[in-house]
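The values are calculated or read from the model by the stated rules, or taken from the named source; none is laboratory data. Note that this is a predicted model, so its numbers are computed, not measured. A quick note on method: Cβ atoms are made from the backbone with ideal geometry, for glycine too, and the neighbour counts reach across all protein chains shown. When the accessible area is computed, the model is the full protein with side chains, heavy atoms only, and any ligands, DNA or RNA have been set aside. Shrake-Rupley method; radii C 1.70, N 1.55, O 1.52, S 1.80 Å.
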Amino acid sequence: VFKNRVQHDGELRARVHAIRGDDHTSAADLELGFAISDELSTFGARYFLLANSGLAALTADRPGDAVTALSECWAFEQVGGFLAPQLARWHVDLIEAHIAMGRSDDARPVLEHLQVVAAAVGSSRWTKATACRAEALLHHETDPAASLRLLHRAAEIYDPAHDAFDRARTFHDIARLTMDPTHRENARAEARNGFRRLGAAAWAAKVD
């Protein structure tokens, strides 16, 4: 029980440290978590560790490592059954990592899954907003205007308090995709302020 608790706490710390840009501490937490998971054969715990490993890699601008970790999560769900996306918020991270690697086709099945879940009765606010954001990321080259509309819709759906990290990432996307200088600076300010309130220094640096 003690080791399970240590593992769970380590997963949460790893995610927080990754968001804050403390890559070394995050890696140490994840390493300990994976060691306990291997010892106890807790495959479910490994799934969540992989999800947080993917975010840590994406934060550190290592999309290849993010794809490696999150593709295992995707394979896990293919075999063991799908979980609600908000339980392990990695789907959009995998989509973003695939796009960064120039693998848009690999991102499409993940987006389609998100969209199906988002369209279902009773889907969460977070899932609906994230499906919009994921679609925008995938199609921004072919239809930038539609992508910006989707990103603004996502920003409106996300709760400023409960979804602060994802909302800030959405404004970061808007800043990267818009061609309007004023629009870009406003979005940058929203993203920067959102990340700084969370102590997400690494993400605030991406905005700058």
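Could you pull out every one of the helices (runs of 4 or more DSSP H) wholly within segment 83-140 that has 3 or more residues that are of a type in the set (Lys, Arg) and more than 17 Å from Asp61 (Cα to Cα)?
On the way: elements: 91-100, 104-119, 125-139.
Qualifying helices (runs of 4 or more DSSP H): 125-139.
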(request) Could you tell me whether Thr170 is surrounded by 23 or more Cβ atoms within 10 Å (Cβ to Cβ), assigned to a helix (DSSP H, G or I) and of a type in the set (S, T, N, Q)? (result) yes
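Looking only at segment 175-203, how many residues end up being part of a helix (DSSP H, G or I), over 22 Å from Gln86 (Cβ atoms) and open to solvent by less than 10 Å² (accessible area, probe 1.4 Å)? Can you show your working first?
First, pick out the residues of segment 175-203 that are part of a helix (DSSP H, G or I): 175-177, 181-198, 201-203.
From the residues that got through so far, the ones that are over 22 Å from Gln86 (Cβ atoms) too are 175-177, 181-190, 192-193, 196, 201-202.
Among the residues that remain, those that are also open to solvent by less than 10 Å² (accessible area, probe 1.4 Å) are: 175, 187.
Counting residues in segment 175-203 that are part of a helix (DSSP H, G or I), over 22 Å from Gln86 (Cβ atoms) and open to solvent by less than 10 Å² (accessible area, probe 1.4 Å) gives 2.
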(request) Examine segment 46-67 for a residue that is assigned to a loop (DSSP other than H, G, I, E, B), open to solvent by 40 Å² or more (accessible area, probe 1.4 Å), among the aromatic types (Phe, Trp, Tyr) and modelled with pLDDT under 85, and state whether such a residue exists. (result) no
(message) Quick test of your reading of the structure: Leu94 fulfils all but one of (1) surrounded by fewer than 23 Cβ atoms within 10 Å (Cβ to Cβ); (2) in contact with a Cys (Cβ under 8 Å, 6 or more places away or on another chain). Name the failing condition by number.
(response) (1)
(message) Which count do you get for residues in segment 97-138 that are surrounded by 16 or more Cβ atoms within 10 Å (Cβ to Cβ) and acidic (Asp, Glu)?
(response) 2
